[in-house]
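Okay, structure first, notes after.
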RNA sequence: CGGGGCGUAGCGCAGCCUGGUAGCGCGACUGGUUUGGGACCAGUAGGUCGCGAGUUCGAAUCUCGCUGCCCCGACCA
């Protein structure tokens, strides 16, 4: 490819709204262009990368027995009604009507579609296990797309679905898929990618893992044990082995706490620490039911955990009127002395097990000292005591007891053990050996292709642009001719270009005759791992100047006669790392 | 959902307060001089100033409505 022909200009200036390096470089380098909020066109450079990522994914999916299929992006709503997700999923699911007034959706994931396919296509235990996958467009009407290609509304996803006759078989396959994912993320050049325990969220199922590319701009928070191996979990489900202060219960004592509405105010006023208080947090669910949460004052409610406990996908803070309807006084609320009929009460272990806490008195400007859940709440029926606390950095690891480390990550892939979550409601059965119909046991496995590209860019770049790994680089080599209007430069460049093409080297030839600085800046934005410069100066010495993208301003001279072979050897060597 | 900010040439922005011929930089085009880390000179093209109403002799500028986009918060008892 000649650079003079390449569609997609490099830009000197970053888009105004770009905050993260992948966003800046992918737009500046001419990899993608915004169309609307969260919608991007991929230009040739970006598309060359995603094609390579897709190819690596295909190889690894095929290696574990996957068969590629392609399902439609537009799906009938009734399929989603069968699974029950049509009503459960919020506005993220784009719903519309076709010309006949039939309810349709844009696919955001394809469990329903694949089950519909499987239940007609797979009828016998002899056909199982089987895995199908596709690399296809997904649409999610995100509330807030951000960070360029990292969170978008329309994106390419590899989604795979496996079908089994037993949970054991699913687990075995899940492990193989986990290993395939590790190979994929290593091969596309992510330098730091961890699989962590995760919340299965909207997709559902019991066990799931997320693959996290570690990056400061990541949206997810990860907690891991100091060794990085014993325990790794998403903040949404992470737990800790926090110690609670246990002592002899002291008598309850009502104290005046004028104008102390926040935990900090109360603790300071009473000479306590926030961890010696209990805080009351009020939410409401979709049906406007009050949810009364109690947690130790220094901890925060983990809404992802809470949503699971109360089995509601939506959660909002309750307004004062709703709080007062339960007899609680906002700012001075607690469980003590309240009639909590019809209110969902959730108590975190930290509040249930700590002794002698400060709690609200349900009376303006008053609190109680020495509240003990066990002693002071008479009727515990209907109260759920469980873990709904958000883990903090430094809290003791649930496995090792060592202080947990906190990392930020970009979720580039996830795998789920679905079990029968879709096969039972959607009647996806097979005939077993005994002649009986049984629901298939399912797994599903996703990778965001564009996000993976952006994640690699986040991990592999310098001040001037991306430093692409050989396995996914849009071009393996960039060849720059300086003073190319001089015939001997032109002919030397043309000759090398032809030689490389003949050997199927992916070479981008900067034949524009721009000034050196201009060409170099473009080359840095394009990020080819290898760069060759030919100029009157190098020709005078019978050499070409060679450098790797990650060598900064350093370079070495290679005799012109050997440069082609030199490049080919380096490409082969580099590619071996990504096999 | 809540809060804030912004829509002026392909991109980045100024002009608005104080109404009076629509500007700058980058990019593009032509010609010339240049040629090792985003060169210089001269010239050219490119804009319903987001949309609609109102005020006014006159609106990018003031008022109202709409719309699009961006950022922040999604934690307070």
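The values are calculated or read from the model by the stated rules, or taken from the named source; none is laboratory data. Note that this is a predicted model, so its numbers are computed, not measured. All Cβ positions, glycine included, derive from the backbone under ideal geometry; neighbour counts span all protein chains shown.
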Extreme residue, farthest from RNA strand B (Cβ to nearest atom), among residues of segment A:533-550 that are surrounded by fewer than 16 Cβ atoms within 10 Å (Cβ to Cβ) and assigned to a helix (DSSP H, G or I): A:550
Whichever residue in segment A:288-310 is more than 10 Å from RNA strand B (Cβ to nearest atom) and part of a loop (DSSP other than H, G, I, E, B) and, among such residues, is surrounded by the fewest Cβ atoms within 10 Å (Cβ to Cβ): A:288
Complete set of residues in segment A:5-24 that are within 10 Å of RNA strand B (Cβ to nearest atom) and in a helix (DSSP H, G or I): A:23
Residue match in segment A:226-239 (condition: without any contact (Cβ under 8 Å) to a residue 60 or more places away in the chain and in a loop (DSSP other than H, G, I, E, B)): yes
Test: residue in segment A:78-88 that is in contact with a helix residue (DSSP H, G or I) (Cβ under 8 Å, 6 or more places away or on another chain), modelled with pLDDT under 90 and within 16 Å of RNA strand B (Cβ to nearest atom): no
Set A:345, A:385, A:391: member being in contact with a strand residue (DSSP E or B) (Cβ under 6 Å, 6 or more places away or on another chain), outside any loop (DSSP other than H, G, I, E, B) and within 15 Å of RNA strand B (Cβ to nearest atom): A:345
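Yes/no per residue for (1) without any contact (Cβ under 8 Å) to a residue 12 or more places away in the chain; (2) farther than 13 Å from residue A:478 by Cβ:
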| residue | (1), (2) |
| --- | --- |
| A:522 | no, no |
| A:530 | no, no |
| A:548 | no, no |
| A:560 | no, yes |
| A:565 | yes, yes |
Any hit, segment A:173-182, residues being assigned to a strand (DSSP E or B) and surrounded by fewer than 19 Cβ atoms within 10 Å (Cβ to Cβ): no
Some residue of segment A:267-287 being within 14 Å of RNA strand B (Cβ to nearest atom), part of a helix (DSSP H, G or I), more than 22 Å from residue A:376 (Cα to Cα) and assigned by TED's automatic domain parsing to the domain that holds residue A:322: yes
Leading residue by the ranking (farthest from residue A:360 (Cα to Cα)) among those in segment A:313-337 that are outside any loop (DSSP other than H, G, I, E, B) and touching a residue at least 12 places away in the same chain (Cβ under 8 Å): A:316
Unmet requirement for residue A:442, which otherwise passes all of (1) in a strand (DSSP E or B); (2) over 21 Å from residue A:199 (Cα atoms); (3) out of contact with any helix residue (DSSP H, G or I) (no Cβ under 7 Å at 6 or more places or on another chain): (2)
Elements of type strands (runs of 3 or more DSSP E) contained in segment A:53-103, each with 1 or more residues being closer than 30 Å to residue A:474 by Cβ: A:66-68
Residue match in segment A:491-513 (condition: within 11 Å of RNA strand B (Cβ to nearest atom), over 22 Å from residue A:26 (Cβ atoms) and either modelled with pLDDT of 95 or more or part of a helix (DSSP H, G or I) (or both)): no
Of the criteria (1) outside any helix (DSSP H, G or I); (2) crowded, with 21+ Cβ neighbours inside 10 Å; (3) near RNA strand B (Cβ under 9 Å from one of its atoms), which one residue A:523 fails: (1)
Hits in segment A:466-483 - residues which are within 14 Å of RNA strand B (Cβ to nearest atom) and surrounded by fewer than 23 Cβ atoms within 10 Å (Cβ to Cβ): A:467, A:482, A:483
Filtered residues of segment A:34-59 (kept if within 12 Å of RNA strand B (Cβ to nearest atom) and either surrounded by fewer than 16 Cβ atoms within 10 Å (Cβ to Cβ) or at pLDDT below 85 (or both)): A:34, A:35, A:36, A:37, A:38, A:39
Given (1) within 20 Å of residue A:484 (Cα to Cα); (2) more than 9 Å from RNA strand B (Cβ to nearest atom); (3) at pLDDT below 95, number of the condition residue A:577 does not satisfy: (1)
Hits in segment A:505-520 - residues which are surrounded by fewer than 16 Cβ atoms within 10 Å (Cβ to Cβ) and within 14 Å of residue A:567 (Cα to Cα): none
Number of positions in segment A:551-569 that are away from RNA strand B (no atom under 16 Å from the Cβ) and touching a strand residue (DSSP E or B) at 6+ places or on another chain (Cβ under 6 Å): 2
Hits in segment A:131-156 - residues which are out of contact with any helix residue (DSSP H, G or I) (no Cβ under 8 Å at 6 or more places or on another chain) and assigned to a loop (DSSP other than H, G, I, E, B): A:140, A:141, A:142, A:143, A:144, A:145, A:153
Segment A:34-51: number of residues that are part of a strand (DSSP E or B), over 12 Å from residue A:450 (Cα atoms) and touching a residue at least 24 places away in the same chain (Cβ under 8 Å): 0
Tally, over segment A:395-413, of residues that are under 21 Å from residue A:208 (Cβ atoms) and part of a strand (DSSP E or B): 8
